[in-house]
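What follows is one structure encoded as structure tokens, with my remarks underneath.
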Amino acid sequence: MSSMSHQTIRKAVLDRIQSGEWPLGALIPGEVELAEEYGCARTTVNRALRTLAEEGLVVRKRKGGTRICAMPVRQAKFEIPIIREQVEAGGSTYGHRVITRTVTVPPSEIAERLSIPSEAEALHLTTLHMAGEEPYAWEDRWVNVQAVPAIADAPLETISANEWLVQSVPLSSGDVRFSAENASKAIAETLGAEANTALFRIDRTTWLEDQTITTMTLYYHEGFQLTSQL
């Protein structure tokens, strides 16, 4: 029998979640099956899954198996909003346009935020979110393609990167900053505002363990108000 440690099994399970092999909400194989696959003791698998459950990445139920969390527990601090749902909650029809979708070497400050080597490439996306015929939000996003390889084939023209990432990629932590900023002429015009208008801005970076998933800046239309629940 293999001498694999529970940390090794935990990392292997995490890799399969991160790659998209086991999507959010999915029921994963049982302890016996995983122990046979990895050639280790069932107790080793049990300990690995218990650790993942304590970290809020899986949910375990007696006789119900182990599922990938559809919304990791730590996100309860601040639930990442799906912009489509925000628009629809306001009674409008949602739409989005991908303006930029390139894989390129990011600026040094973005590479540092993504925790990738200065010469490494990342996916750069700019997206205009719409509420009916009106611009709703402008999104500038960078994605660590090493951490999220499945995004290369994601249909981001039909589902926004915001929604795809929330639905497809687990996270263990993140930070978010809210501010009001006088928008540049280009962003202001895109959102139907005058240059230097103060717009609501969100900067957010998310991680899965020691890997940065994505970092983004989002500007909302003039007059936007953020609501949340305690």
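Taking region 129-167, which residues are part of a loop (DSSP other than H, G, I, E, B) and either without any contact (Cβ under 8 Å) to a residue 24 or more places away in the chain or at positive phi (or both)?
First, pick out the residues of region 129-167 that are part of a loop (DSSP other than H, G, I, E, B): 132-133, 144-148, 154-160.
The answer is Gly132, Glu133, Ala154, Pro155, Thr158, Ile159.
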Looking at the structure I just gave you, is Thr214 of a type in the set (Val, Ile, Thr), in a strand (DSSP E or B) and either surrounded by 17 or more Cβ atoms within 10 Å (Cβ to Cβ) or not assigned by TED's automatic domain parsing to the domain that holds Arg84 (or both)? yes
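Can you go through Thr206, Thr217, Thr212 and tell me which one is of a type in the set (S, T, N, Q), closer than 25 Å to Gly132 by Cβ and in contact (Cβ under 8 Å) with a residue 24 or more places away in the chain? So that I can check it myself, show each step before the final result.
Values: Thr206 fails: closer than 25 Å to Gly132 by Cβ; Thr212 fails: closer than 25 Å to Gly132 by Cβ.
One residue alone meets the criteria, Thr217.
Answer yes or no as to whether Gly56 is in contact (Cβ under 8 Å) with a residue 24 or more places away in the chain and small (Gly, Ala, Ser).
Values: in contact (Cβ under 8 Å) with a residue 24 or more places away in the chain: yes; small (Gly, Ala, Ser): yes.
It is true that Gly56 is in contact (Cβ under 8 Å) with a residue 24 or more places away in the chain and small (Gly, Ala, Ser).
Does region 45-55 contain any residue that is among the polar types (S, T, N, Q), surrounded by 14 or more Cβ atoms within 10 Å (Cβ to Cβ) and in contact with an Asp or Glu (Cβ under 9 Å, 6 or more places away or on another chain)? It would help to see each step written out before you state the result.
So the first thing to find is which residues in region 45-55 are among the polar types (S, T, N, Q), and the list is 46, 51.
Remaining after also requiring surrounded by 14 or more Cβ atoms within 10 Å (Cβ to Cβ): 46, 51.
From what is left, the residues that are in contact with an Asp or Glu (Cβ under 9 Å, 6 or more places away or on another chain) are 46.
Taking every residue of region 45-55 in turn, at least one turns out to be among the polar types (S, T, N, Q), surrounded by 14 or more Cβ atoms within 10 Å (Cβ to Cβ) and in contact with an Asp or Glu (Cβ under 9 Å, 6 or more places away or on another chain).
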From the residues in region 186-203 that are buried (at least 17 other Cβ atoms within 10 Å of the Cβ) and touching a residue at least 40 places away in the same chain (Cβ under 8 Å), which one is nearest to Glu134 (Cα to Cα)? Leu191
When Ala41 is evaluated against the numbered criteria (1) crowded, with 20+ Cβ neighbours inside 10 Å; (2) in contact with a helix residue (DSSP H, G or I) (Cβ under 7 Å, 6 or more places away or on another chain), which criterion, by number, is the only one it fails? (1)
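Need at least 1 residues that are more than 21 Å from the chain's Cα centre (by Cα), assigned by TED's automatic domain parsing to the domain that holds Arg16 and at negative phi per element, so show me which strands (runs of 3 or more DSSP E) inside region 28-118 make the cut, counting only ones lying wholly within it. Break it down into steps so the answer makes sense when it comes.
Working: elements: 58-61, 65-68, 94-104.
Counting at least 1 such residues, we get 58-61, 65-68.
Evaluate the following for Thr126: is it among the hydroxyl-bearing types (Ser, Thr, Tyr), free of Cβ contacts under 8 Å to residues at least 60 places away in the same chain and in a strand (DSSP E or B)?
Values: among the hydroxyl-bearing types (Ser, Thr, Tyr): yes; free of Cβ contacts under 8 Å to residues at least 60 places away in the same chain: yes; in a strand (DSSP E or B): yes.
Considered against the rule, which asks whether it is among the hydroxyl-bearing types (Ser, Thr, Tyr), free of Cβ contacts under 8 Å to residues at least 60 places away in the same chain and in a strand (DSSP E or B), Thr126 comes out as yes.
The values are calculated or read from the model by the stated rules, or taken from the named source; none is laboratory data. These numbers come from a predicted model, not from an experiment. Cβ sites come from the backbone with ideal geometry, for glycine too, and all protein chains shown count toward neighbours.
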